[in-house]
1. Pull up segment 111-153, narrow it to residues that are on the phi > 0 side of the Ramachandran plot and touching a residue at least 60 places away in the same chain (Cβ under 8 Å), then point me to the one that is surrounded by the fewest Cβ atoms within 10 Å (Cβ to Cβ).
2. Take Tyr232 and decide whether it is touching a residue at least 24 places away in the same chain (Cβ under 8 Å) and within 16 Å of the ligand (Cβ to nearest atom).
3. Taking Lys207 as the residue in question, decide whether it is in a helix (DSSP H, G or I) and more than 16 Å from the ligand (Cβ to nearest atom).
4. Return a yes/no flag: does segment 361-378 have any residue that is away from the ligand (no atom under 16 Å from the Cβ), closer than 30 Å to His406 by Cβ and buried (at least 24 other Cβ atoms within 10 Å of the Cβ).
5. Could you please tell me which pairs satisfy a Cβ distance under 6 Å, a separation of 6+ or placement on different chains, a first residue in segment 243-266 that is under 26 Å from Asn105 (Cα atoms), and a second residue that is of a type outside the set (A, V, I, L, M, F, W, C) and more than 16 Å from the ligand (Cβ to nearest atom)?
6. Please go through segment 240-264 and pick out each residue that is away from the ligand (no atom under 12 Å from the Cβ), surrounded by 14 or more Cβ atoms within 10 Å (Cβ to Cβ) and of a type in the set (Gly, Ala, Ser).
7. Is it the case that Ser294 is in contact with a Gly (Cβ under 8 Å, 6 or more places away or on another chain) and within 16 Å of the ligand (Cβ to nearest atom)?
8. Within 16 Å of the ligand (Cβ to nearest atom), of a type outside the set (Val, Ile, Thr) and touching a residue at least 40 places away in the same chain (Cβ under 8 Å): which single residue out of Leu344, Leu355 fits that description?
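Please treat every number below as a calculation from the coordinates, not as lab data. Nothing here was measured: the structure is a model prediction, and the numbers come from that model. Using ideal geometry, Cβ is built from the backbone for each residue, glycine included, and neighbour counts are taken over all protein chains shown.
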Amino acid sequence: MTPNQCDIGLIGLAVMGENLVLNMESKGFSVAVFNRTTEVTDKFAAGRGRNKNIQPTRTMEEFVRALKRPRKAMIMVKAGAPVDAVINQLAPLLEKGDVIIDGGNSLFTDTQRRGKELEQSGIHFVGCGVSGGEEGALKGPSLMPGGSRESWEIIAPIFRKIAAQVEGEPCCRYMGPDGAGHYVKMVHNGIEYGDIQLICEAYAILKDIAGMDAPELAGTFAEWNKGELDSYLIEITSQIFRKIDPETGKPLVDVILDKAGQKGTGIWTLQSAIKQSIVISTINAAVEARVISSRKEERVEASKILPQPKVEKFEGDRAHLVDAVRDALYASKIVSYAQGMELLGTASTEYRWNLNLGDIATIWRGGCIIRAKFLNRIVEAYQRDPMLPNLLLDRYFTDIIERTQHNWRIAVSTAVLHGVAVPAFSASLAYFDSYRQARLSSRIKNRPKKRPHRKRQRRITRVNRVARPSRLPRQARGLPYLSESRATRFRRILRARAV
Ligand code: 6PG
């Protein structure tokens, strides 16, 4: 291939990078590839990349020369310092109007910084969330690109084609400026943590209280996957229960180590939620559950010291408990997504990203780890009301909670009585029980307010009017203009419900 011919280039040939290259090539694009270790490039070119429209390059200069203008260079390396190292090597060789795309799980504030730095030389920087793991990268991931709109126009023909397709719609839409794409991916991962933890808790109740074995569990999850819970994670959970450990001949799930690690995106989601005063208690429970699980040795010692609960064998109706757990899983999942979507909405205001929550739910329907039938319901909710302040307030979700509420409580209370930890189920239910109440127990924390003297009150009001920042119009406080306040939105929902 002659120089300046490749449609796109990719740096970083670990498995995600390799698979993305093969995906791009299979959709008709020519791809230049580069890896810091040349042997990796050579091995790929001679192996999976053989006889394909893929050009291996051995230096960064050769890589840049291989690209068509405006050059599009995608980086698939470990988040953090390696991304900066690649950009520092690559950017001086690029020209105004070229585009660098970071497809790793980078922290959105790093993406904002990198975008600003590159802006000075006129190079576009796209922070793109890529979800779907190795398989998604190869067959079609969910892509969440953020950066300038101009850069989106440049990469859109390639990205829309390599993304997963659902009902003829690519799972890739422009998210917003600077760090928006990586922020959306970060919250996706937080929600993914929540989904996984909720599944773990459903499993714990069914196994430890209902006494189900692996084949029964596989059947139950497969059954659930035919209904409202239909999703990638439920599907693979049912498959996991069928896996047998070749060494012991036992179900793999019974011998696997109960220690979960984490790469950081869940914790970043929590940090951002705290900063913005948004409750994401389900995700929080999921992150903390991973932390406790990782302290295996300490738990083993503690189990020898701490009193265990005196529990009686479960004598209730097993089929009823299974239904209760399914309902608890669905209701808790709704709460988790309600919290995650609220976080996205608040971040959008804070960073002026103008995120479209309906678009986000649309591109999560396929390709990504949290893909689920249920996301169609979220898309519909935002079609009904793009300014919906909380998913729970959408009529469809309120009805589900109405239907599942009793069983949700049965599942949580049964777990508590039997000493089975269900932090994400309980946190979700506690969130619902707090959010649905007009008056909360927090009143005890408040000292009764003395009414100030009338003259003093007038002065306070005057001072407030002038000095309290919240008294200033949103634009004057540097916040984007919102066509509708939160209170107005609630009044409107109530009016609509009254009809
Ligand atoms: C994806 C995944 C993927 C990975 C995360 C979370 O969307 O394809 O989210 O990015 O699962 O990095 O990893 P940990 O669970 O190890 O933190």
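1. Filtering segment 111-153 for residues on the phi > 0 side of the Ramachandran plot gives 122, 132-133, 140, 147.
Then drop every residue that is not touching a residue at least 60 places away in the same chain (Cβ under 8 Å), which leaves 132-133, 140.
Numbers: Gly132: 24, Gly133: 16, Gly140: 23.
The extreme case among them is Gly133.
2. Working: touching a residue at least 24 places away in the same chain (Cβ under 8 Å): yes; within 16 Å of the ligand (Cβ to nearest atom): yes.
So Tyr232 fits the description; yes.
3. Details: in a helix (DSSP H, G or I): yes; more than 16 Å from the ligand (Cβ to nearest atom): yes.
When the stated conditions are applied, Lys207 passes them.
4. So in segment 361-378, the residues away from the ligand (no atom under 16 Å from the Cβ) come out as 362, 373-374, 376-378.
Right, trim to closer than 30 Å to His406 by Cβ and you get 373-374, 376-378.
Filter once more, keeping what is buried (at least 24 other Cβ atoms within 10 Å of the Cβ): 378.
Yes, segment 361-378 contains a residue that is away from the ligand (no atom under 16 Å from the Cβ), closer than 30 Å to His406 by Cβ and buried (at least 24 other Cβ atoms within 10 Å of the Cβ).
5. Once the first residue is under 26 Å from Asn105 (Cα atoms) and sits in segment 243-266, its partners that are of a type outside the set (A, V, I, L, M, F, W, C) and more than 16 Å from the ligand (Cβ to nearest atom) give Lys259/Lys296.
6. Listed by number, the list is empty, since nothing qualifies.
7. Numbers: in contact with a Gly (Cβ under 8 Å, 6 or more places away or on another chain): yes; within 16 Å of the ligand (Cβ to nearest atom): yes.
Yes, satisfied.
8. Values: Leu355 fails: within 16 Å of the ligand (Cβ to nearest atom).
None of the other options fit; the residue is Leu344.
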